[in-house]
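All remarks here apply to the structure that follows.
Computed from the coordinates by the stated procedures, all read-outs in this text should not be read as laboratory data. Everything numeric here is computed off the predicted structure, so don't read it as measured data. Please note: Cβ atoms are built from the backbone with ideal geometry, for glycine as well, and neighbour counts cover all protein chains shown.
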């Protein structure tokens, strides 16, 4: 099989490979730089595996289409960038409350609005957390290499199926368009998770009944299990309710299933942190800059390490606090005005000094820029 | 050893394609570690465009080129803009059809666009001539690997055309190198 050969792939192409390997068989999207290659790749690969590719009229329709396909039992995804991601927010909330598994790739470019189409940025970190309204948990994963684009996409589908939630994969233009060598693992070595389906007789089926995981089994629309899907707050049978106990029960269950799964959902990389006095906390392409900077700093005798959250949301509070307790300072370089450093400061409680490094000119942060910041500590 | 290449010019000259080809030749066929990135404007043609390739025996973290071992400039503007990013002993290769003011007499000037037009009647293979010259001058990639990578990435009908373009590039690269060292 060709899948064992080493190939030169782009981040976006590796996301396509990861999605197909995870069992994604439906893609609806609208082309946008720098995410277009995902749609292109899907339009080629999906028909080969009896999947469906639809180029939609816009991103509102794209999000609606993948929700519909997922309700019909097919693993589904879409891909976009900032302007399209803004349009997806309403239906993203619908997927949250109706607990429809789906995957959205948001490839960040400069914003706001049409912004800087071909340049890189990390300005959507908070939009991915809070872009859709209402109190909702969300899972956002952020790969930093071509290889990780593959594995993180696989994980995104698995988490979305396991917890019945939309999962966002995010990269920036650099990781999306970057080409690296990758050897795709054989399909038999990959763990693939599928949503749990009801095993009771259709008459006994209570579609949103709580259980120990907080994730009710999900039936395939049309296979005999009747249920009602709505964006309104609903009772365990899926019908609208405003009874305080039922409302509270639903909203708390939506949060509980993610809170309980944090150990499973959260993933981060520690690089040279064991003896570190200073840690650079960076994600996406800046994780690469940070590692280079740490290596260069160590050549100067400065004990610097890197912590790189792959799970951006839910925020890796425990891992970050553990680092804060053991270092003098944490540097948070990011290509926005400080969206993630604010979270680090929020959990800091005076343990360590937080130093921000913000770049918003469409260019990636360089190792030299981080080394310059290090002078504030050394 | 980290070797940084920047291929620069304007949109439509095929700089991203030769970046991919160089990365594939060095990475897949020569077995080194490679990272290829690109940067371009919103225009389909025209506007600044560049493609960067990092080649290394070790792990490549930072994916962009900052201290260039080799700079290809296919426009005057890109030559002016990026020349100062070259390392002290870095190599500058320019398309002398389009770059008339060269900042150093140590630059390799080869008329890629002119050769493509006159020798092959197809100006769009100037990029392939350039990557052939780069392989010969720098030795950063095996020429057999480069040929294989080119043939894998171009449409089958153009295989002969591209092979000829590569040969012209390698021959011109050799001449240009002889001129500098002589």
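What the table below lists for this structure:
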{"quantity": "Residue exposure sequence - A:96, A:149 - by fewest surrounding Cβ within 10 Å", "calculated": "A:96, A:149"}
{"quantity": "Rounded Å value of the spacing that divides the Cα centres of segment A:21-49 and segment A:324-378", "calculated": "35"}
{"quantity": "Segment A:280-378: C-alpha gyration tensor shape, a/c 1.5 cut-off, then a/b vs b/c", "calculated": "oblate"}
{"quantity": "Partner chain coverage, peptide B:32-40 - average Cβ within 10 angstrom", "calculated": "6"}
{"quantity": "Shape call, segment A:37-168: gyration tensor on alpha carbons, a/c limit 1.5", "calculated": "rounded"}
{"quantity": "Chain lengthening between residue A:243 and residue A:211 when straightened (0.36 nm per residue, less Cα-Cα)", "calculated": "9.5 nm"}
{"quantity": "Rg over Rh, two decimals, segment A:202-263 (C-alpha only, Kirkwood Rh)", "calculated": "0.98"}
{"quantity": "Reference-scaled alpha-carbon Rg (2.2 N^0.38 Å with N residues) for the protein assembly as shown", "calculated": "1.05"}
{"quantity": "Full-extension gain in nm, residue A:358 to residue A:194, via 0.36 nm per residue minus C-alpha separation", "calculated": "55.1 nm"}
{"quantity": "Protection proxy ranking of A:101-111, B:6-16, B:35-45 - average other beta-carbon atoms within 10 Å, highest first", "calculated": "A:101-111, B:6-16, B:35-45"}
{"quantity": "Helical contribution to [θ] at 222 nm, DSSP H n ≥ 4, -39,500 (n - 2.57), averaged over the protein assembly as shown, rounded to 500", "calculated": "-12000 deg cm²/dmol"}
{"quantity": "Top of A:97, A:182, A:48 by mean-square fluctuation, Gaussian network on chain A, Cα under 10 Å", "calculated": "A:48"}
{"quantity": "Peptide A:167-176, shielding by other chains (average Cβ, 10 Å cutoff)", "calculated": "1"}
{"quantity": "Order of B:100, B:114 - criterion: other Cβ atoms within 10 Å of each residue's Cβ, fewest first", "calculated": "B:100, B:114"}
{"quantity": "Peptide ranges A:83-90, B:48-55, A:247-254, A:307-314 listed from the most packed, as the mean C-beta count within 10 angstrom indicates", "calculated": "B:48-55, A:307-314, A:83-90, A:247-254"}
{"quantity": "Residue order, fewest to most beta carbons within 10 Å, for A:225, B:61", "calculated": "A:225, B:61"}
{"quantity": "Label-point separation, residue A:259 to residue B:179 (7 Å along Cα→Cβ), nm", "calculated": "7.3"}
{"quantity": "Antiparallel %, DSSP beta bridges [both residues in chain B], to 5", "calculated": "60"}
{"quantity": "Residue A:57/residue A:228 FRET efficiency (R0 25 Å; Cβ-Cβ; nearest 0.05)", "calculated": "0.40"}
{"quantity": "Shape of chain B, Cα gyration tensor, a/c cut at 1.5", "calculated": "rounded"}
{"quantity": "Mean-position separation - Cα centroids, segment B:155-180 and segment A:211-250, in angstrom", "calculated": "66"}
